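Take a look at the structure set out below.
Please treat every number below as a calculation from the coordinates, not as lab data. Keep in mind that this is a model prediction, so the values were computed, not measured. Positions of Cβ are generated from backbone atoms using ideal geometry, with glycine treated the same way; all protein chains shown enter the neighbour counts.
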Amino acid sequence: MTQNAEHILDHSELFRGDEYQQMLANKKALFENPHDSAEVDRVREWSKTPEYREKNFAREALTVNPAKACQPLGAVFAALGFERTLPFVHGSQGCVAYYRSHLSRHFKEPTSCVSSSMTEDAAVFGGLNNLTDGLANSYNMYKPKMIAVATTCMAEVIGDDLNAFIKTSKEKGSVPADFDVPFAHTPAFVGSHVTGYDNTLKGILEHFWDGKAGTAPKLQRKANNTINFIGGFDGYTVGNMREIKRIFELMGIGYTILADNSDVFDTPTDGEFRMYDGGTTLKDAANAVHAKATISMQQYCTEKTLAFIKGHDQEVVAFNHPLGVSATDDFLMTLSRITNKAIPNALEQERGRLVDAMADSSAHVHGKKFAIYGDPDLCYGVAAFLLELGAEPTHVLSTNGSKAWGQKMQALFASSPFGKNCRAFPGKDLWHMRSLLFTEPVDFLIGNTYGKYLERDTGTPLIRIGFPIFDRHHHHRYPVWGYQGSMNVLVKILDKIFDEIDRKTSSVGKTDYSFDIIR
Amino acid sequence: MSRATTQSVAEIKARNKQLIDEVLKVYPEKTAKRRAKHLSVHEAGKSDCGVKSNIKSIPGVMTIRGCAYAGSKGVVWGPIKDMIHISHGPVGCGQYSWGSRRNYYVGTTGIDTFVTLQFTSDFQEKDIVFGGDKKITKLIDELQELFPLNRGITIQSECPIGLIGDDIEAVSREKSKEYGGKTIVPVRCEGFRGVSQSLGHHIANDAVRDWIFDKSAPEASSKFEPTPYDVAIIGDYNIGGDAWSSRILLEEMGLRVIAQWSGDGSLAELEATPKAKLNILHCYRSMNYISRHMEEKFGIPWCEYNFFGPSKIAESLRKIASFFDDKIKEGAERVIAKYQPLVDAVTAKYRPRLEGKTVMLFVGGLRPRHVIGAYEDLGMDVVGTGYEFGHNDDYQRTAQHYVKDGTLIYDDVTGYEFERFVEKIRPDLVGSGIKEKYVFQKMGVPFRQMHSWDYSGPYHGYDGFAIFARDMDMAINSPIWGKTTAPWKDAPRPSLMAAE
């Protein structure tokens, strides 16, 4: 017997016992009709070759291990950033179960969201009744201040018209006529979660600024000196938003954070479940029309939103997930230029500390090769930071990156001598990345939790930066933006580099002459 | 609070009825009427739990349920390790269900086994407009080229497939022919079908019947000699290794497990199952369909069993043995005796720490009833339970074999109801899913995920019971629950009486 009451074995140890190992070997030999192990080895080795890579890159129909999710996930993420707002996704109900699980597995927090639970009859007759009943139920049960509606692909395929449906629902008395129900069509077969974020944020601003779907006068912009800030779809929203607010306050800037979900994804455990917490107030969302400018940290999360805001005569500026010294400099100087506020000494000191840390540690990063994958803006930001550190972001892959993103990445590589041998891979997936790591190996891989499969297969150590991170806890609480956030990223990278050196030098009597106490 | 010994069953029933009345008040009239049918207080001696089930969820209430795709790809088909399961449609469904269910398996992932890969046709707008049949045809060719050791392919339909009129059956037949009779299974598990995961299970079972049993002989890939002691494990998804810690007991009692459905399962095992002498069924909800089919078509009897907690394990081992000769019956007794010292040691260690603690459950499949015995073995009381996607036959089994008089029953519970029930009853533990976990922990109520075992497990079998007991103890008796209130909030407030 393997199990033991005194020292209870978990799955990771239990099944290594002889009894289980024998049992599994018998199962395989007798019943599984396994391939010959030599054949498995042959195919495994073949899958590492340039020949396999060529076939792999010739794929046209098949996607394997994509690094992207679908639009409504981004819609839910954005909607949760507004005061007492309940995201409502119109379509099949299973989708909502998935978004809630996915976000909760990353943040280790509850994710409140409802579905209109459409089934076969709604597929035939349309989902108007589902929407009407759903709005009435949500409104009564969860007492939201706003319900933000998005769509699943089912509702999109059958062509449900949200604008008309919401109007009719209100006429039928589902929610009061003046209750805020902004909406966005978010088909899963267009773009990715970053597109859904964009569409939803635009939908909410459009609702407040452009007359609430014809039920209120459009707002007249009276320009003031405040700045709107948009984070984009961001797995580090909890840490990042707080860091950004600190920076704005240090600079004395009047600001509105749009879609601020940093509190709802970080409520305390004190005996009370807060379904809603914090968020951009509806008043602030409306008044954001008067701002002097809007700054987006992630261009590819806000393309439509920024175009819409620009149409309301604001200056708009988009960054690409700024990380490191120059990108943060650029961010702060832009803030300073727009607001005429000086960059305070406190931030300058933080900058100096980041430069100090990079100078102290750059010898360990310099010349190292990295593969990066993730959302297009994150990839750009991380690659730019690595170039600053003298590292080479050799393969940069974004499943939801466009060709234009690929060109922008190539331009970044061209701007640095360390980018000489680097290449961007828009629209590719993690099975492509597997071939890249086998045929053109790098020292480290940067990506989300799914990267651990690549780490296992190719032996490339994984540094977890991105979304989702399911298998490490609380990283989302630490910022990655600003000089201090960049410091966190630097430390994360360095920790893995040092761990690897230790791992490779820890063999007693063989390699441990280099098992140094000081590095 | 721990079991309130001062409360009589009559008092508990009255309180639960009052709780139901209270939660129903929040709903608009039409919804209240519908929800009332799903909430009940169990009356001992009744043949079911007094609730309606397997009915459409109401829009906007925050149901916990998923969809048919989740039931087919996520539950039944996904764990078959040597086949490739394509999430056919947009990217999301496959992405959110990628690797999250912990169906353990042994194999060289990406080469001869494929469970933790996400294969998708990643539909774009043009696929919706022009149809996806051409794409899936080409996709199968690409799979054959890049993953040559796959034993078969399933096409798991997402919502759009059934709405745009794709003919995946024709594609499957055509490609199967082209690849020399390869097993290619189209599954019509579009998420809008039915009311929950449940129909997806049924559709997936039917697809095994139609596209595997009807197209292959049991001898096709498994050449083993049958014995009188061959059984198949049906409805164990090997979450955290559950099927393994079950299989070992069956083998120790002298049976031979020829197939696992579907955790750590292979196509060969599915095909060989008609050679079994008995199908033993753990998750009745998701796989009773194929068990009944095999009974009708191949004359294989089936019996339900429950491997949670020593009482139910012993009962089940004896029940399974009753289908066989004395050798197996003796084997069952030998196994029960062998593990008794482990059971005694685990119980001695944990029961004193858990005695009298109360539990509320809300899970899927079989667990809202099956785990009750394991809690009772530790001296704990399940005071509320409900099914995410159960049918009336589940509630019958629950009423007749598991729950106590006065237990609060909630079918397809809404977020609001569950929160209120827990808030008022204040059980010592809630067992439910990831969407519920943090809600209750915020409230200061200990919680264990009872779908994924909170990344622990196995919980099946004697080895699993030890882990189960430890996990429940560490959840309930974690020192952190004593710290949810700041100490200055506990201090007696200065009285204002004098000033008044």
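Centre-to-centre separation between the Cα atoms of the stretch B:299-352 and those of the stretch B:200-243: 23 Å. Label point of residue A:402 set 7 angstrom out along Cα-Cβ; within the stretch A:226-262, amide nitrogens under 20 Å from it belong to A:230-234. For the stretch A:30-39, backbone phi angles converted through the Karplus equation (6.51, -1.76, 1.60; θ = phi - 60°) give residue-by-residue couplings of 8, 10, 8, 6, x, 6, 4, 5, 5, 5 Hz, Gly and Pro being listed as x. Inter-chain neighbour count for B:238-251: the average number of beta-carbon atoms from partner chains within 10 Å of each residue's beta-carbon is 3.
With R₀ set to 25 Å, the beta-carbon distance separating residue B:325 from residue A:19 gives a calculated FRET efficiency near 0.55. Checking every one of the trypsin sites (Lys or Arg not before Pro) in the stretch A:1-45 against DSSP loop status and a limit of 14 other Cβ atoms within 10 Å picks out A:16. For residue A:294, the residues whose amide H sits under 5 Å from its own are A:228, A:315, A:316, A:317, ignoring neighbours fewer than 5 places away on the same chain, with H placed 1.01 Å from N. Built from the Cα atoms of the stretch A:71-214, the convex hull projects on average onto 7.8 nm², one quarter of its surface area.
Rg and Dmax, both from the Cα atoms of chain B and both in Å, are 24.2, 93. For the pair the stretch B:168-191 and the stretch A:366-438, the centres of their Cα atoms are 38 angstrom apart. Looking at the square roots a ≥ b ≥ c of the eigenvalues of the Cα gyration tensor of the stretch A:1-145, which shape do they give, rounded for a/c under 1.5, prolate if a/b is larger than b/c, or oblate? It is prolate, given that a/c is not under 1.5 and a/b is the larger ratio. Taken along its three principal axes, the alpha carbon spread of the stretch A:225-343 comes to 45, 32, 28 Å, from the longest extent down to the shortest. In terms of distances greater than 24 angstrom between alpha carbons, the cross-link table entries A:222/A:304; A:428/B:138; A:167/B:126; A:68/A:304 yield A:167/B:126. Computed from backbone phi, the HN-Hα couplings of the stretch A:246-258 come to 4, 5, 4, 5, 4, 8, x, 9, x, 9, 10, 8, 8 Hz, rounded to whole numbers (Karplus: 6.51 cos²θ - 1.76 cosθ + 1.60, θ = phi - 60°; Gly and Pro given as x).
The mean number of Cβ atoms from other chains found within 10 Å of a Cβ in peptide A:114-127 is 5, as a whole number.
Neighbour counting of Cβ atoms within 10 Å sorts the residues A:204, B:239, fewest neighbours leading, into B:239, A:204. Under a 5 Å amide H cut-off, with hydrogens placed 1.01 Å from N, residue A:397 pairs with A:372, A:373, A:374, A:425 among residues at least 5 apart or on other chains.
For the protein assembly as shown, what is the charge dipole size about the Cα centre, in debye to the nearest 20, if Lys and Arg each add +1 at the Cβ and Asp and Glu each add -1 at the Cβ? Walk me through the intermediate numbers first.
Numbers: 120 positive and 127 negative charges, 291 e Å.
Computed about the Cα centre, the dipole is about 1400 debye.
For the stretch A:341-354, backbone phi angles converted through the Karplus equation (6.51, -1.76, 1.60; θ = phi - 60°) give residue-by-residue couplings of 9, 6, 7, x, 4, 4, 6, 4, 5, 4, 4, x, 5, 5 Hz, Gly and Pro being listed as x. Packing order of peptides B:104-110, B:273-279, A:196-202, highest average first: A:196-202, B:273-279, B:104-110 (average count of other Cβ atoms within 10 Å over each peptide's residues). Peptide B:189-195 is shielded by partner chain Cβ atoms: per residue, an average of 6 of them sit within 10 Å of its Cβ. Rg/Rh for the protein assembly as shown (Cα atoms only, Rh after Kirkwood) is 0.96. Report, in whole Å, the centroid distance computed from the Cα atoms of the stretch A:467-519 and the stretch A:276-331. Answer, in whole Å: 33.
With 29 Å as the limit on Cα-Cα distance, the pairs of B:73/B:435; A:212/A:403; A:292/A:420 that go past it are A:212/A:403; A:292/A:420. What angle, in degrees between 0 and 90 and rounded to the nearest 10, separates the Cα long axis of helix A:430-439 from the longest principal axis of the Cα atoms of chain A? The angle comes out at about 30 degrees. Per residue, chain B reaches -13000 deg cm²/dmol at 222 nm when only DSSP H runs of four or more residues are counted, each adding -39500 (n - 2.57).
Taking 7 Å steps out from each Cα toward its Cβ at residue B:311 and residue A:515 produces label points 5.2 nm apart.
For residue A:367, the amide hydrogen comes within under 5 Å of the amide hydrogens of A:391, A:392, counting only partners 5 or more places away or on other chains and with H modelled in the peptide plane.
A Förster radius of 22 Å, combined with the Cβ-Cβ distance separating residue B:486 from residue A:274, puts the computed FRET efficiency at roughly 0.85. Relative to the dominant Cα principal axis of chain B, helix B:168-178 is inclined by about 40°. Spin-label pair residue B:209-residue B:392: with each label point 7 Å from Cα along the Cα-Cβ axis, the two points sit 2.0 nm from one another. For the stretch A:22-69, the list of GluC sites (Glu not before Pro) that fall in a loop by DSSP and count at most 12 other C-beta atoms within 10 angstrom reads A:60. With the simple spin-label model, which puts each label point 7 Å out from Cα in the Cβ direction, the residue B:8 to residue B:223 separation comes to 7.2 nm.
Here A:276, A:450 are placed in order of increasing Cβ neighbour count within 10 Å, fewest first, which gives A:276, A:450.
Among the GluC sites (Glu not before Pro) in the stretch A:214-285, those placed in a DSSP loop whose Cβ has at most 15 other Cβ atoms within 10 Å are A:272. Taking a point 7 Å out from the Cα of residue A:55 in the direction of its Cβ, the residues of the stretch B:119-152 whose backbone N falls within less than 17 Å of it are B:138-152. In a reduced charge model with +1 at each Lys and Arg Cβ and -1 at each Asp and Glu Cβ, chain A shows a dipole moment near 1000 debye about its Cα centre. Taking 28 Å as the straight-line reach from the Cα of residue A:504, the lysines in range (excluding those fewer than 8 positions away in the same chain) are A:48, A:368, A:369, A:452, A:492, A:496.
Each principal axis of the stretch B:230-345 carries a Cα extent, and these read 42, 32, 23 Å when sorted largest first. Counting beta carbons within 10 Å around each of B:347, A:168 and listing the fewest first gives the order A:168, B:347.
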